[in-house]
1. Cross-link list Lys77/Lys145; Lys77/Lys148; Lys54/Lys77: which exceed 20 angstrom alpha carbon to alpha carbon?
2. Could you tell me, in Å, what Rg and Dmax come out for the Cα atoms of the range 46-148?
3. Using alpha-carbon pairs under 8 Å, 6+ residues apart, how would you state the relative contact order of the range 66-148 in percent?
Amino acid sequence: MRMKQNKKSLSVLFCMMLFVAMALCISGCDDKQTEEAQSEETSVEEITELGEGKTQFLFTVVDKEGAETFFEIHTDKEIVGDALLELGLIEGEEGEFGLFVKLVNGIVADYEVDKTYWAFYVNGEYAMSGVDTTIIEEGTSYMFKVEK
């Protein structure tokens, strides 16, 4: 009978040791993942500051390969398109629906050539107005992304 109790006690002890070992393994993995996440977060994306003025906004360009380029725009203009045109970041043609942007940050997107175009986003959502009519709002980010 005592032998049965010893085996049961050893079994319980073994299970507890196994549980502790697994907990240490898991917490060790979490620390590694946390360290990796922190190092990724602390690697600051390069942001180029352009222009002068009292108003500022974040402007992102996403090319065909998905590479992002970040700008902090400073301007006294009231319209996003006017600020970007003034700084030479965008070029396009006037059409019946406003400015049709073909060049952003020196990158061409031409629908007639390869079925790509520059899509305009406000705070990560497809814009409901053109860049040439969108009023700059404090704390808002703007983006042009090549799409097909």
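1. Result: Lys77/Lys145; Lys77/Lys148 exceed 20 Å.
2. According to the Cα coordinates of the range 46-148, Rg and Dmax are 12.7, 39 Å.
3. 28 percent
We did not get these values from a lab; they are worked out from the coordinates using the rules stated. Quick caveat, the model's predicted, so the values are computed rather than measured.
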